[in-house]
Amino acid sequence: MVAKAFFMLRLNDHVQYLKKMDATLKGQQDFAGTEHTACKLGQWLYGEGAEEVASLQDERAKAVFESMLEPHARFHQVGQQALEKKKSGDEVGAHAAMTELHTLSTVLMNKLIELDSMK
């Protein structure tokens, strides 16, 4: 059985990562980002996540879980693009990438909230 606050913890992990990206792009931090399988959410998605979601007594849970994989991978790709654009002095490109990053982040957070509502 999945712990009561489990999906909210995954959501918090994701928000913390996004905050590090924002701070780095504002020049307040030096975060290099990670591969999509290396962050805490990614470790869960590609680790025990499928099994834990399967323990939910809701047939929609697997589809919601699986629908997180592509936007999560894209989130990390766009994050790397944002960092590269910032490093090369392309502020407009970095800002555009961050806008997409926030959109993808909202998608992921909504899916985690949806999973949380299924327990």
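A few comments on the model shown:
- Scope the range 30-56; condition touching a residue at least 60 places away in the same chain (Cβ under 8 Å) and either within 17 Å of Y17 (Cβ to Cβ) or not hydrophobic (A, V, I, L, M, F, W, C) (or both); matching residues: L41
- Residue within the range 38-58 that is of a type in the set (D, E), within 21 Å of F7 (Cβ to Cβ) and buried (at least 17 other Cβ atoms within 10 Å of the Cβ) present: yes
- Residue match in the range 26-43 (condition: within 16 Å of R10 (Cα to Cα) and aromatic (F, W, Y)): no
- Any pair with Cβ under 7 angstrom, 6 or more apart, that starts in the range 79-106 at a residue that is in contact (Cβ under 8 Å) with a residue 12 or more places away in the chain and closer than 19 Å to K19 by Cβ and ends at one that is polar (S, T, N, Q) and part of a helix (DSSP H, G or I): L83/T24; A97/Q81
- Selection of helices (runs of 4 or more DSSP H) fully inside the range 1-90 by the criterion of at least 3 residues being of a type in the set (G, A, S) returns 49-54, 69-87.
- Some residue of the range 24-36 being more than 15 Å from E66 (Cα to Cα), among the acidic types (D, E) and surrounded by 14 or more Cβ atoms within 10 Å (Cβ to Cβ): no
- Any hit, the range 99-106, residues being surrounded by fewer than 16 Cβ atoms within 10 Å (Cβ to Cβ) and closer than 17 Å to L9 by Cα: yes
- Applying the criterion of being in contact with a helix residue (DSSP H, G or I) (Cβ under 8 Å, 6 or more places away or on another chain) and among the polar types (S, T, N, Q) to the residues of the range 17-47, the residue that is farthest from S88 (Cα to Cα) is T37.
- Test: A73 is free of Cβ contacts under 8 Å to residues at least 40 places away in the same chain, small (G, A, S) and surrounded by 15 or more Cβ atoms within 10 Å (Cβ to Cβ): yes
Computed from the coordinates by the stated procedures, all read-outs in this text should not be read as laboratory data. It should be emphasised that the depicted structure is a prediction, and the values quoted were computed from it without experimental measurement. Note that we place each Cβ from the backbone using ideal geometry, even for glycine, and neighbour counts take in every protein chain shown.
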